[in-house]
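The values are calculated or read from the model by the stated rules, or taken from the named source; none is laboratory data. This structure is a prediction, so every number in the text was calculated from the model and none was measured. Heads up, the Cβs are rebuilt from the backbone with ideal geometry, glycines too, and the neighbour counts pull from every protein chain shown. What goes into the accessible areas is simple: the full protein's heavy atoms, side chains included, and nothing from ligands, DNA or RNA. Shrake-Rupley method; radii C 1.70, N 1.55, O 1.52, S 1.80 Å.
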Amino acid sequence: MIDEGPSANLPPHILLEFFVPVVMRTVLFLVMLVGLAACDRASSEAEQEFAGDDTQEEGEIIESGQGLVGKLDISQRGNAMIDASFQAPDGSPVQLSDFTGKPVLVNIWATWCAPCIVEMPMLDELAMREKDRLKILVVSQDIQGADKVDPFFARNDFQALEPYIDPENGLSFGFGSGLMPTTVLYDSRGKEVWRVIGAMDWDGAKAAALLEETLAEG
């Protein structure tokens, strides 16, 4: 049978102009649904992991005030720094290996991440206290880059933190945690010591104890 509707008499190029956008919108919609389902599943799995693991070393759950919950992970201990490139405050490309020589604490965060924002003043205080023994890098994963990060820093007037940005999310993919914030401690040789997946009180006794062994070695 031949379609008797309005499209029956349309030439082929007009038909393509009509149907291609419809198909593209359908494909994009399906991709969005898959992405949302994956995000929901990852969040649910992370919550179950946090709730169900009560070991005291690998997998230790660290709970502190202001609703901060993180998980200590030492499974990557001894691994070298990942080689992803990101941007220094002046816009130049840098890598984590540029900061070896003393321990480095790398925090990946975003302006839309509520626990990340709670952590930032504490990381700023830590950076000031330990400036002679520890380099702290807070690296934004905002895809809008400086357009989002620079106003955030201007509003908060941090004393020691600097606005490193990673709009390509190279560190986030490289760490592979799937959650923000994620914070990784490297020793002075660039070897991973531990990481905290989630947030924690960087002013607290637990953070001080976790850091001290590495900082004492220099």
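The numbered conditions (1) open to solvent by 40 Å² or more (accessible area, probe 1.4 Å); (2) modelled with pLDDT of 95 or more are all true for residue 183 except (1).
For segment 129-145, check the following and say yes or no: at least one residue is assigned to a helix (DSSP H, G or I) and within 19 Å of the chain's Cα centre (by Cα). No; the residues of segment 129-145 include none that is assigned to a helix (DSSP H, G or I) and within 19 Å of the chain's Cα centre (by Cα).
Restricting the search to segment 169-178, which residues are touching a residue at least 40 places away in the same chain (Cβ under 8 Å) and open to solvent by 50 Å² or more (accessible area, probe 1.4 Å)? Result: 173, 178.
The rows are residues; the columns are (1) closer than 21 Å to residue 213 by Cα; (2) touching a Phe, Trp or Tyr at 6+ places or on another chain (Cβ under 7 Å).
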| position | (1), (2) |
| --- | --- |
| 72 | yes, yes |
| 83 | no, no |
| 89 | no, yes |
| 101 | yes, no |
| 121 | no, no |
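Every residue, every condition in (1) hydrophobic (A, V, I, L, M, F, W, C); (2) modelled with pLDDT of 95 or more, yes or no:
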site	(1), (2)
59	no, no
86	yes, yes
90	no, yes
107	no, yes
113	yes, yes
121	no, yes
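The residue list 157, 150, 166, 124 contains one member that is crowded, with 16+ Cβ neighbours inside 10 Å and more than 16 Å from the chain's Cα centre (by Cα), which is 124.
Selection of first residues in segment 198-218 that are closer than 14 Å to residue 123 by Cα and of second residues that are polar (S, T, N, Q) and open to solvent by 70 Å² or more (accessible area, probe 1.4 Å), restricted to Cβ pairs under 8 Å at least 6 apart or on distinct chains, gives the following pairs, ordered by first then second residue: 201/66. The residues of segment 91-111 that are open to solvent by less than 10 Å² (accessible area, probe 1.4 Å) and part of a strand (DSSP E or B), listed by number, are 104, 105, 106, 107, 108, 109.
A residue that is farther than 25 Å from residue 167 by Cβ, of a type in the set (Lys, Arg), open to solvent by 80 Å² or more (accessible area, probe 1.4 Å) and at pLDDT below 95 occurs somewhere in segment 35-57.
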